[in-house]
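Beneath this line is the structure, given in structure tokens, with notes to follow.
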């Protein structure tokens, strides 16, 4: 009975010791980083600059997608009808086109609606009033479904009611190509600069390991496991990564504040309500988690390599 009770009591004790050592490693590693402010600041600053570049490019790419319009909007086909087509015939044609399987949606815009939009967005109220008569035709905005947009545009051109079909397929293809290239560029830079940030953490942790080489040797002779020895250094790398993520987000926020006002003025000059958008709380938290893991990984690799080299050999 007593042996069983002692065994059951020992299991929580081992678990408690393991948890306590983790907590101690977290606090101890933070203390070591704080006690070396200049070295910590330099490591965090280098990592933050390396991480801020791909992060800023990713945010700029997302804003470019918003500014240029969504891909679905850029696929729209503008079908201008002949002046002889009245409102009833235009509505019937819109219904017929909308029933096609290759068409996702059709929006009918009457000449009066087009004139009102032109007056509101282009600031040509006086010039429009001087015309007297509305010169705009009826417009059908056709949104293609998934498929060949060029074939749909050609079929719309063949309609007897069609006067002009406007389809910027080449512009859309080029825009999509640049956006894909930008996304791939962000991925490549993220991988390269993320590796560089991990190496920076690894080198800093390596210097800390070298300074504690004798202490580590004593722990190995006493039978301490690699995980026990590695733990404080791994948490130190995590602190470096977390600090670098905070600084990187701060740099991105400062750059966004500096660019927001002139960009808003530029977009307003084109009649666009576009505003520069940054990271929300969720994505900012994901960035901090990713940078912490990156610092943790760099420290883990370096510490593991050192422990394999210094592990005592059995005789």
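Coordinate-derived values only; no laboratory data. These figures come from a predicted structure and were not determined experimentally. Glycine also receives a Cβ, built like all others from the backbone with ideal geometry; neighbour counts cover every protein chain displayed.
On full extension of the chain, what length is gained from residue 219 through residue 78, given 0.36 nm per residue of separation minus the C-alpha to C-alpha distance? If you can, show how the numbers build up before the last one.
Values: separation 141, 0.36 × 141 = 50.76 nm, distance 7.54 nm.
Result: 43.2 nm gained on full extension.
Packing, taken as the mean count of other beta carbons within 10 Å per residue, orders the peptides 299-306, 89-96 from highest to lowest as 299-306, 89-96.
Taking the average, over residues, of other Cβ atoms within 10 Å as the packing measure, peptides 25-34, 237-246, 182-191 rank 237-246, 25-34, 182-191 from highest down.
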